[in-house]
Every structure is written in C-alpha cells, then in structure tokens.
Amino acid sequence: MPLEGADLTTEEEALVFHVAALLRTGHSPTDDDLADELGDEVRPLLQSLLGKGWLVIEKERELTLPTIARHAVSSRRDVGGP
C-alpha cells in the first residue's frame, strides 16, 4: 500500500523508507552516502524527492525527511508497513 496522498513511484517510496530507516539508526546520509551505498542511479530519485518535498537538505548536505514525510512514514509503519 503506497503512502497516502503521495505522488511517488515505487522506487521513490522505497528510498523514502530507506532514508527513514537510516535516520532512525542515527545516521544522517548525504546524497553521496546514498550513491555509494545504492549506486549513482539513486541520484535522479533523490532530486525528484527533493523537488516533491519528501526530502530536505540540512547542514553539510545531510538529507532528512520533513515533518509531513516523517508522519506519513510513521503512520505507514504503525499499520504494518516497512
């Protein structure tokens, strides 16, 4: 089941959940961290998510989820999502 109200592709949604998981472990990834881990093909997905407001860039190029995205991911996890 996709995130409610999200206009995300399956790949974008998976990346949002991946970033959320990293943030829960205390790791604040940069775009380079994610490209090293997942491959350079992740960069267009990151740009798309930034443009859609599902990711934001903080200090030192660290990526995080804005409040509404954190809430959507948390709500999804509460009903048995990733």
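Read the figures in this text as sums done on the coordinates, not as results from a lab. Just so it is clear, the model here is predicted, and its values are computed rather than measured.
Working out 0.36 nm times the residue gap between Asp7 and Asp36, then minus their Cα-Cα distance, what length gain in nm do you get to one decimal?
Value of the extension gain: 7.8 nm.
When the chain is fully extended, how far beyond the present Cα-Cα distance does Ala21 get from Arg70, taking 0.36 nm per residue of separation?
Stretched fully, the Ala21-Arg70 segment lengthens by 16.6 nm.
Taking a quarter of the surface of the Cα convex hull of the chain, what do you get in nm²?
Taking the Cα atoms of the chain, their convex hull projects to 5.1 nm² on average.
Just need the relative contact order of region 10-74 here, percent rounded to a whole number, with Cα pairs under 8 Å and 6+ apart.
Worked out over region 10-74, it gives 36 percent.
To the nearest 10 degrees, how steeply does helix 42-52 sit against the main Cα axis of the chain, on a 0 to 90 scale?
Approximately 60 degrees, to the nearest ten.
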